[in-house]
Each structure stands twice: as structure tokens, then as C-alpha cells.
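Since the structure comes first, as C-alpha cells, the remarks are kept for the end.
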Amino acid sequence: MQVSCLINCFCKFFQVSVVDGRSKIRFVPLQRLTVSYLLLSMHWLNTRTLATVDTMEQLHLVDVRTQEELEVLDLAEVRLVYGTSHFKGLATGGNVSRALVS
């Protein structure tokens, strides 16, 4: 999977296979998914559904085959935990509370 973000983010999904008995690796492009937000994280829920979290801490459930956004949930009430306040600042575009800055 390749992820790239400019104005829109896109993900490319590849099938990886070994050919000629381990001497070559082949990458076959399968699909490209474009979203209108900056990705923070993504996880497969099943073979068809992808859960993504954007930098505004919103969870997006996406059907990969139809590229339809099934649901969007605001995770602000969940209070996600980041490794450090510095990481959260980088991940969310600098949106760190003054209480966390040290």
C-alpha cells in the first residue's frame, strides 16, 4: 500500500507476488482510493472496508470497492492517546493543547 498526500490523499493497493522461485518480486497495481482529507492512520476492518482517521481526528469508514464513505464519526470525545505531545502536534497539524506542551 502506498499513501501520498498533497491536497487530496490517495492510496494505491498492490498485489505482491514472488516469481521465478524467489529471484524476483512483482507488484501488480490493484486499485487507487482518493480521499479529500489528510490521513493520520488507516486499518483494514475486513476485505472490503477500510477505517481511516484524519488529522481532525475523525474516523471514516470507506467501502474500498465502491469508494463510498459509509460513515464519519468524530473521535474528539474519545480522547485519543499519542506517544508524546510532539507527535500529536505533528500528526494533527500543530493542534496541541497548551497543557500538553512542555
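The values are calculated or read from the model by the stated rules, or taken from the named source; none is laboratory data. This is a predicted model, so every value here is computed, not measured. Glycine gets a Cβ as well: all are built from the backbone with ideal geometry, and neighbour counts include every protein chain shown.
Total residues in the range 37-52 satisfying the condition of being outside any strand (DSSP E or B) and modelled with pLDDT of 85 or more: the figure is 5.
This table checks each residue for (1) among the charged types (D, E, K, R); (2) under 30 Å from residue 79 (Cα atoms); (3) surrounded by 15 or more Cβ atoms within 10 Å (Cβ to Cβ).
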position: 21; (1), (2), (3): no, no, no
position: 24; (1), (2), (3): yes, no, no
position: 33; (1), (2), (3): no, yes, yes
position: 39; (1), (2), (3): no, yes, yes
position: 43; (1), (2), (3): no, yes, no
position: 52; (1), (2), (3): no, yes, yes
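Pairing residues of the range 42-54 that are aromatic (Phe, Trp, Tyr) with residues that are surrounded by 11 or more Cβ atoms within 10 Å (Cβ to Cβ) and at pLDDT below 90, at Cβ distances under 9 Å and at least 6 apart in sequence or on separate chains, gives 44/64.
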